[in-house]
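> Sharing a structure here in structure tokens format.
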Amino acid sequence: MTPTSPTPPKTPITATDPITSQTPTTPTTPPRRSPLRRTHRARLALGAALAFFGLLAAGCSEGGGSGDTAERVAASADDQSDARPQAGAEERDATERPGTEDADGADGERADAAEESAPAADWCAPESLSASLTPLDSGAGNRYAALTLTNVSDADCRTQGWPGLELADDDGDALPTTTVRDTSREADQLTLAPGESAWAQLRWTVVAGEEDAADGTCGPEPAELRVIPPDTYDATAADWAGGTVCGAGRIEALPLAAGEGP
């Protein structure tokens, strides 16, 4: 056998070995920090954070915070101004709202307005009235009678003032007549419903005067009295039973009043 040469020992790889190009490091133990130093740094960090947030809060209150507050105040003012009634609103509401007036007063005003707006009745026409004479107490040559006009129609009618008068004989011929208006009483406007009456007092004399014949007679005795209602031209007749009428047919009449006589 051929003797073998001994294997040379392997050379250990060092830090300058070109194969690895790495410098081996020797592990070291990190130095231990002092607990006081860590506490100091934590306090500094906390103070810085508090200062930062304080500045941030101050900036918000000076900037956006003030604007938001102003807007809220303005909005509140607008809401209050809208809620408050404008000047004169209460007066307008009081006049426009129904039921604010006194009920009795309102009803009375409406009734008055209805009466004023209602058309007035027509004047009493002669064909709507019947005439009659009722003797009254007499004395000292004077004669009195109540002339009554009654509404015989089926509708209301109105009259006012003094009637016109004309005496007539049996043949229907007109006799001398003078109607004298007695103004000692006011003439009121009267509305006569169907069946209602108005009356006027008549007065005449049976003693002859200067206007009558020289023989002291007063002319023929009338048979009827033709009555012309106020504001008309035609007549309605009533029987006459009052004897002769002296003074050339002079008859004094008061204005018409409501009713059928005294």
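> Could you go through segment 188-208 and let me know if any residue there is of a type in the set (D, E) and closer than 25 Å to S138 by Cα. Give the steps one after another, and end with the answer.
Taking segment 188-208 first, the residues of a type in the set (D, E) are 188, 196.
Add one more test, that the residue is closer than 25 Å to S138 by Cα, and what stays is none.
No, that holds for no residue.
> Looking at this structure, is D212 touching a residue at least 40 places away in the same chain (Cβ under 8 Å), assigned to a loop (DSSP other than H, G, I, E, B) and of a type outside the set (K, R)? Break it down stepwise before answering.
Details: touching a residue at least 40 places away in the same chain (Cβ under 8 Å): no; assigned to a loop (DSSP other than H, G, I, E, B): yes; of a type outside the set (K, R): yes.
Spelling it out, it is not the case that D212 is touching a residue at least 40 places away in the same chain (Cβ under 8 Å), assigned to a loop (DSSP other than H, G, I, E, B) and of a type outside the set (K, R).
> Report, by residue number, each residue of segment 187-207 that is within 23 Å of D122 (Cβ to Cβ) and either touching a Phe, Trp or Tyr at 6+ places or on another chain (Cβ under 6 Å) or not polar (S, T, N, Q) (or both).
Initially, segment 187-207 is screened for residues within 23 Å of D122 (Cβ to Cβ), giving 187-200.
Answer for segment 187-207, where residues must be within 23 Å of D122 (Cβ to Cβ) and either touching a Phe, Trp or Tyr at 6+ places or on another chain (Cβ under 6 Å) or not polar (S, T, N, Q) (or both): A187, D188, L190, L192, A193, P194, G195, E196, A198, W199, A200.
> What are the pairs with Cβ atoms under 8 angstrom where one residue, in segment 215-234, is free of Cβ contacts under 8 Å to residues at least 60 places away in the same chain and in a strand (DSSP E or B) and the other, located anywhere, is surrounded by fewer than 22 Cβ atoms within 10 Å (Cβ to Cβ) and among the acidic types (D, E)? Sequence gap at least six, or different chains.
Listed by first residue and then by second, the contacts come to E224/D239.
> In this structure, is P220 touching an Asp or Glu at 6+ places or on another chain (Cβ under 6 Å) and either of a type in the set (K, R) or at pLDDT below 95 (or both)? Write out each step before concluding.
On the way: touching an Asp or Glu at 6+ places or on another chain (Cβ under 6 Å): yes; either of a type in the set (K, R) or at pLDDT below 95 (or both): yes.
Criteria met by P220.
The values are calculated or read from the model by the stated rules, or taken from the named source; none is laboratory data. A quick note: this is a predicted structure, and the numbers were derived from the prediction, not measured. Positions of Cβ are generated from backbone atoms using ideal geometry, with glycine treated the same way; all protein chains shown enter the neighbour counts.
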